[in-house]
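Please treat every number below as a calculation from the coordinates, not as lab data. If you're wondering where the values come from, they're calculated on a predicted model, not measured in any experiment. Cβ placement follows ideal geometry from the backbone for every residue including glycine, while neighbour counts extend to all protein chains displayed.
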Amino acid sequence: MKPLFDANISRRLVISLDDLYPGSVHVDDLMLATDDEAIWHYAKANDFTVVSKDTDFYRMSVTWGAPPKVIWLRVGNCSTNLIEGVLRASFEKLSKFEYDAVSALLIVNRP
């Protein structure tokens, strides 16, 4: 899985999660930070999974389906370390989601 981290998630995760999610990118690095539809189309064209904390990509996923797949982090206002921990703890679940041909959306809650 190649995560494309939304603007509401720290870009530091690209580096700190490289051991589990190599090839991940942050939208700021692509200059797509404020245009959700452009992020959607970029992710679709480049085989990324969008990872976001807000409802915009949830709504797009429900409306348009995959690709791209969407991981909606329902963790509230929290630290980058907590998000990293959630993504590390959810690695197996996220890996299964990646290969699930039917699922377009995965909701990951705070532990």
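Take region 25-43 and flag every residue that is among the small types (Gly, Ala, Ser) and touching a Leu at 6+ places or on another chain (Cβ under 6 Å).
Step one: list which residues in region 25-43 are among the small types (Gly, Ala, Ser), which gives 33, 38, 43.
ALA38, ALA43 - these are the residues of region 25-43 that are among the small types (Gly, Ala, Ser) and touching a Leu at 6+ places or on another chain (Cβ under 6 Å).
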Checked region 26-64 for anything free of Cβ contacts under 8 Å to residues at least 24 places away in the same chain and within 19 Å of VAL108 (Cβ to Cβ); matches are HIS26, VAL27, THR55, ASP56, ARG59
Mind checking which pairs have a first residue in region 88-111 that is at negative phi and of a type in the set (Ser, Thr, Tyr) and a second that is in a strand (DSSP E or B) and surrounded by 11 or more Cβ atoms within 10 Å (Cβ to Cβ), Cβ under 7 Å, 6 or more apart or different chains? SER90/VAL108
